[in-house]
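**Student:** Following this message is one structure expressed as structure tokens.
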Amino acid sequence: MKEELALKEKIKIIEKEIITLTEKIEVLEKLCANLEELKNEVKALKLYLNRINPDFKNEFPKIVKKVFK
């Protein structure tokens with residue numbers, strides 16, 4: 001009887017942990033989707049800037065190095 005109660009309690013705890021993990025995974029999926037959207041927007045901006053200013057293609061790596069130093 002005691003073992004059954006302990007097992008039921010462990011199952012409840014595991015179920016709560018699964019629910020928590022599922023919620024966190026859903027949040028992470030949304031964040032990943034947002035990051036993918038931002039990545040595409042940056043690509044589009046780079047293409048646009050390359051068309052407007054051909055020197056941008058050569059200057060962009062230098063700019064990135066300065067920003068991330």
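**Student:** Does GLU3 meet the test of being of a type in the set (Asp, Glu), surrounded by 10 or more Cβ atoms within 10 Å (Cβ to Cβ) and in a helix (DSSP H, G or I)?
**Tutor:** Judged against the criteria, GLU3 is not a match.
**Student:** Among LYS30, LYS46, which is assigned to a helix (DSSP H, G or I) and in contact with a Phe, Trp or Tyr (Cβ under 8 Å, 6 or more places away or on another chain)?
**Tutor:** Just one listed residue meets the conditions, LYS46.
**Student:** Next question. Quick check: anything in the range 6-17 under 22 Å from the mean Cα position of the chain (by Cα), at pLDDT 90 or above and assigned to a helix (DSSP H, G or I)?
**Tutor:** Yes, the range 6-17 contains at least one residue that is under 22 Å from the mean Cα position of the chain (by Cα), at pLDDT 90 or above and assigned to a helix (DSSP H, G or I).
**Student:** Another question, if that's okay. Under 6 Å by Cβ, and 6 or more places apart or on different chains, what pairs join a residue from the range 44-69 that is surrounded by 10 or more Cβ atoms within 10 Å (Cβ to Cβ) with one that is modelled with pLDDT under 90?
**Tutor:** These pairs meet every condition: LEU49/PHE56; ASN50/PHE56; ASN50/LYS57.
The values are calculated or read from the model by the stated rules, or taken from the named source; none is laboratory data. In this text, all values refer to a predicted model and were calculated from it rather than measured experimentally. Backbone-built Cβ (ideal geometry, glycine too); neighbour counts: all protein chains shown.
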